[in-house]
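Everything below concerns the one structure shown next.
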Amino acid sequence: MSCHDQATETEVTPRLELNGPVPDFEATTTHGKIKLSAWNKDKWVILFSHPADFTPVCTTEFMAFAKLQQEFDKRNVALLGNSIDSIHSHIAWVRNIKQNFDIDIQFPIIADLDMKVSKAFGMLHAASSATAAVRAVFFIDPSRKLRAMIYYPLNVGRNFDEIVRVVDALQTADKHGVACPADWRPGEKVIVPPPSTTKDAEARVKNKEYEVVDWYFSKKAL
């Protein structure tokens, strides 16, 4: 590849930014062909990648996602897996998980043999592998904006409590116009946005409805 070709490729490769739009794509999955922008249009989407089918850590992760399927359904979240494996490999792996662990994988898995999705979402990290996607998780809201992303190395499985917690925090922040503190869990107090004028700052420290530590740091119960 020439220097010109490399520059051109760099220019057209989308840069993923939080709160920015995600790349749209069409792909073959274990549930048939989908187009991201039209698939489960009114739902949040968790798009996640795994290095390879029929590998132990990935198998534990798929079973973890499957066991939480109802929790994601309650939160209006659709799951979408992705790896650089064939559709037949995906189907065989899903059947193998059912046979060996009696767990049904209900979400679709993208067969990304041409690496189109993996490249568009930055799932391929050359320092880790040129042919396998790292463990990436993308939280996409119904307007198809990227709200959060987490990367894990090839040899460390994901923390699924954190994945659910991020969904809860994002949805709570959107619904109530608040922020969520470190280690926040549903039911705990949230952070009220700080005032933006000196007058409002003075009023904030006198506010009896909030738990006010200082003018810029206040919490409230929902």
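We did not get these values from a lab; they are worked out from the coordinates using the rules stated. Being a predicted model, the structure only gives us computed values, none of them experimental. Note that we place each Cβ from the backbone using ideal geometry, even for glycine, and neighbour counts take in every protein chain shown.
Rounded if a/c is under 1.5, else prolate if a/b beats b/c, else oblate: with a ≥ b ≥ c from the C-alpha gyration tensor eigenvalues square-rooted, which is the range 177-222?
prolate
Could you work out which residue, out of LYS189, LYS35, LYS74, moves most in a Gaussian network model of the chain, that is, has the largest mean-square fluctuation with Cα springs under 10 Å?
LYS74
Assigning unit charges at the beta carbon (Lys, Arg +1; Asp, Glu -1) and nothing else, what dipole magnitude in debye, to the nearest 20, does the chain show about its Cα centre?
Once rounded to the nearest 20, the dipole reads 580 debye.
With springs connecting C-alpha atoms under 10 Å apart, model the chain as a Gaussian network and identify which of PHE62, PHE48, PHE160 has the largest mean-square fluctuation.
Residue with maximal mean-square fluctuation among PHE62, PHE48, PHE160: PHE160.
What value, in deg cm²/dmol to 500, does the helix sum -39500 (n - 2.57) over DSSP H runs of n ≥ 4 give at 222 nm once divided by the residues of the chain?
-10000 deg cm²/dmol
Holding the Cα-Cα limit at 28 Å, pick out from LYS35/LYS189; LYS199/LYS219; LYS74/LYS119; LYS41/LYS220; LYS35/LYS74 the pairs that are longer than that.
Those over the limit are LYS35/LYS189; LYS74/LYS119; LYS41/LYS220.
Mind listing the phi-derived Karplus ³J(HN,Hα) values for the range 93-100, rounded to whole Hz, using 6.51, -1.76 and 1.60 with θ = phi - 60°, and x for any glycine or proline?
After applying 6.51 cos²θ - 1.76 cosθ + 1.60, I find 5, 4, 5, 5, 5, 5, 5, 8 Hz.
Residue by residue through the range 180-197, which ³J(HN,Hα) values in whole Hz follow from phi under the Karplus form 6.51 cos²θ - 1.76 cosθ + 1.60 (θ = phi - 60°), with glycine and proline marked x?
Each residue's phi maps through the Karplus curve to give 10, x, 4, 6, 4, 10, x, x, 8, 5, 10, 8, 7, x, x, x, 10, 9 Hz.
Connecting C-alpha atoms closer than 10 Å in a GNM of the chain, tell me which of VAL167, VAL156, VAL134 has the biggest fluctuation.
VAL156
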